[in-house]
Ligand SMILES: Nc1ncnc2c1ncn2[C@@H]1O[C@H](COP(=O)(O)OP(=O)(O)OP(=O)(O)O)[C@@H](O)[C@H]1O
Ligand SMILES: [Mg+2]
């Protein structure tokens with residue numbers, strides 16, 4: 001399989017703190033790739049480099065085999081990489097379709113004047129959600145009235161609206177209960193079925209083993225190992241992360 | 001049902017007050033008086049529409065009334081000094097718009113909270129009106145064309161009412177039907193999320209505050225034309241009235257959110273109450289008390305946006 005995203009020998013320091021001291025990451029197209037590691041291992045920092053939030057001190061990032069410079073989040077989006085932060089970046093009191101199309105609203109011309117194309121945005125929002133097998137009927141419902149799993153689906157739809165091919169999710173289930181976590185796992189599987197590459201940061205070993213194809217483990221700012229989840233138990237994964245085995 | 005009350009309760013209450021005044025306030029129902037109420041509403045509704053734009057992006061503008069006074073004395077002063085009235089009107093509009101732009105730069109560029117920044121520009125504008133006028137009003141026999149801006153009629157409808165309708169309709173269209181309006185709304189609702197979604201949030205705030213200034217300019221020109229005089233602080237009373245209209249409006253149609261339709265109905269209710277209180281023979285000070293009650297009651301019903309605007313830095 002070809003790699004859609006590779007990071008080689010990434011280094012990043014914040015003053016005296018060496019957050020990354022030579023981290024590698026290879027993500028194959030279409031896989032669900034988990035990023036694990038203890039607190040402070042450098043997961044979020046690595047993701048910041050890939051999503052254009054921070055620049056590496058050293059190291060290269062390749063997308064689809066081509067070296068890229070991601071100077072800002074916009075560059076990352078242009079390269080097809082969308083990041084869903086833990087707070088999801090939604091406006092709770094705005095409607096579902098308004099959130100999905102936030103910043104890239106659809107318009108049509110009426111008498112030469114550009115006006116919002118509400119009907120088209122509603123229809124396409126519905127399509128995006130259906131592609132995720134997510135059942136929400138009213139696209140004009142406010143996001144604040146949705147469950148945690150449904151909100152996650154709306155955030156993913158916005159990434160799809162941006163035509164993202166790689167979706168990075170930072171701790172998507174950290175604040176969710178059992179049932180909602182299961183919903184998010186379904187969303188991730190569905191994304192994979194649709195050919196989207198997912199990078200998942202998670203502290204929950206059960207989730208990782210259940211949904212990911214591969215895991216990259218960071219420790220102390222370095223890549224410890226990258227392994228397939230085939231036959232991997234959550235217990236064994238925990239031990240690898242702690243550095244036991 | 002509950003939803004219905006939340007959306008239309010205030011408007012219905014306004015309707016009840018209207019009916020009450022029709023029945024109990026002598027002369028309220030006369031067409032001359034009703035037209036008068038509508039004319040009074042026009043200044044207020046235009047100013048409040050501007051404030052709505054600022055508040056939509058979650059910024060306060062406490063300077064719009066003083067900017068209107070400043071624009072009024074600039075326009076009046078120029079006309080009194082012999083300048084062609086149309087130029088004077090442009091100058092008035094420009095001064096108020098510039099004031100709004102300065103507010104916008106202070107808030108988005110220098111990062112002064114809008115509560116403080118606009119309080120500052122309000123004081124400066126007030127000082128300038130006294131500097132320009134020396135404390136006395138400009139009065140005179142002014143070009144009838146200019147006076148017609150406020151006193152004339154278009155197809156039998158007072159120009160004032162036509163201008164108000166145009167301002168309110170355009171503002172409603174922009175906020176509800178255009179990308180610009182949606183971006184302003186998203187900026188006010190969730191600035192960080194909007195920014196991450198690629199919306200130029202600082203520009204939206206700049207536009208909101210600038211539009212507030214521009215609206216103050218329009219109202220100022222109409223006030224001067226209506227009174228054919230311009231004096232310092234001539235729009236001063238509109239600060240509390242305008243804010244009350246917007247806050248009252250936030251209890252209607254889109255509860256908790258500044259919205260143009262609500263602002264318009266809010267302005268209508270406030271002008272109607274002011275007029276009705278006079279006709280009922282209520283003492284003059286009751287009007288201020290009423291405004292205070294409206295402001296506090298409205299905010300206690302739907303406070304979120306305003307709190308954010310007042311306390312965001
Ligand atoms: N902006 C920053 N300034 C200073 N130090 C930072 C900054 N961001 C991260 N660090 C440090 O870099 C190291 C790696 O942090 P990072 O957030 O990448 O870890 P993480 O693996 O995401 O941890 P967690 O599981 O707790 O989220 C930590 O020691 C952290 O304190
Ligand atoms: Mg982290």
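The values are calculated or read from the model by the stated rules, or taken from the named source; none is laboratory data. Model, not experiment: these values are computed from the prediction. Note that each Cβ is placed from the backbone with ideal geometry, even for glycine, and that neighbours are counted across all protein chains shown.
Here are the numbers for this structure:
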| item | result |
| --- | --- |
| Hey, residue A:85 under 23 Å from residue A:176 (Cβ atoms) and facing chain B (nearest Cβ under 10 Å) or not | yes |
| Looking only at the range A:179-214, and only at residues there that are under 18 Å from residue A:50 (Cα atoms) and within 16 Å of ligand 2 (Cβ to nearest atom), the one that is farthest from the other protein chains (Cβ to nearest Cβ) | A:202 |
| Scan of the range A:130-141 for residues that are within 14 Å of another protein chain (Cβ to nearest Cβ) and either out of contact with any strand residue (DSSP E or B) (no Cβ under 8 Å at 6 or more places or on another chain) or modelled with pLDDT under 95 (or both), ordered by number | A:138 |
| Tally of residues being within 18 Å of residue A:114 (Cβ to Cβ) and either at the interface with chain A (Cβ under 8 Å from one of its Cβ atoms) or surrounded by fewer than 24 Cβ atoms within 10 Å (Cβ to Cβ) (or both) across the range B:179-206 | 11 |
| Failed condition for residue B:210, given (1) touching a helix residue (DSSP H, G or I) at 6+ places or on another chain (Cβ under 7 Å); (2) buried (at least 21 other Cβ atoms within 10 Å of the Cβ); (3) part of a helix (DSSP H, G or I); (4) within 14 Å of chain A (Cβ to nearest Cβ) | (4) |
| Search result, residues across the range A:88-129 that are in a loop (DSSP other than H, G, I, E, B) and either at the interface with chain B (Cβ under 8 Å from one of its Cβ atoms) or buried (at least 19 other Cβ atoms within 10 Å of the Cβ) (or both) | A:88, A:89, A:90, A:91, A:92, A:93, A:94, A:101, A:102, A:103, A:104, A:105 |
| Boolean, residue B:96 is buried (at least 22 other Cβ atoms within 10 Å of the Cβ), in contact with a helix residue (DSSP H, G or I) (Cβ under 9 Å, 6 or more places away or on another chain) and within 18 Å of residue B:217 (Cβ to Cβ) | yes |
| Test result for residue A:161, in contact with a helix residue (DSSP H, G or I) (Cβ under 8 Å, 6 or more places away or on another chain), more than 16 Å from ligand 1 (Cβ to nearest atom) and within 19 Å of residue A:193 (Cβ to Cβ) | yes |
| Matching residues, the range A:64-86, being within 13 Å of ligand 2 (Cβ to nearest atom) and either closer than 30 Å to residue B:254 by Cβ or out of contact with any strand residue (DSSP E or B) (no Cβ under 6 Å at 6 or more places or on another chain) (or both) | A:85, A:86 |
| First in the range B:1-27 and farther than 15 Å from residue B:278 by Cβ, second anywhere and surrounded by 13 or more Cβ atoms within 10 Å (Cβ to Cβ) and modelled with pLDDT under 90, Cβ under 6 Å, 6 or more apart | B:6/B:255 |
| Residues located in the range B:155-178, provided they are in contact with a strand residue (DSSP E or B) (Cβ under 7 Å, 6 or more places away or on another chain) and either on the phi > 0 side of the Ramachandran plot or buried (at least 16 other Cβ atoms within 10 Å of the Cβ) (or both) | B:159, B:177, B:178 |
| Unmet requirement for residue A:231, which otherwise passes all of (1) more than 16 Å from ligand 2 (Cβ to nearest atom); (2) at pLDDT 90 or above; (3) over 30 Å from residue A:127 (Cα atoms) | (2) |
| Conditions (1) crowded, with 24+ Cβ neighbours inside 10 Å; (2) away from chain A (no Cβ under 14 Å); number of the one not met by residue B:226 | (1) |
| Among (1) more than 14 Å from chain A (Cβ to nearest Cβ); (2) buried (at least 20 other Cβ atoms within 10 Å of the Cβ), the one test that residue B:240 misses | (2) |
| Selected residue (criterion: nearest to ligand 1 (Cβ to nearest atom)) from residues of the range A:64-80 that are surrounded by 15 or more Cβ atoms within 10 Å (Cβ to Cβ) and away from chain B (no Cβ under 14 Å) | A:70 |
| Conditions (1) over 28 Å from residue B:70 (Cα atoms); (2) at pLDDT 95 or above; (3) more than 12 Å from every other protein chain (Cβ to nearest Cβ): number failed by residue B:251 | (2) |
| Selection count, the range A:39-63, where residues are within 16 Å of ligand 2 (Cβ to nearest atom) and within 14 Å of another protein chain (Cβ to nearest Cβ) | 3 |
| For residue B:257: the one exception among (1) surrounded by 24 or more Cβ atoms within 10 Å (Cβ to Cβ); (2) in contact (Cβ under 8 Å) with a residue 24 or more places away in the chain; (3) within 14 Å of chain A (Cβ to nearest Cβ) | (1) |
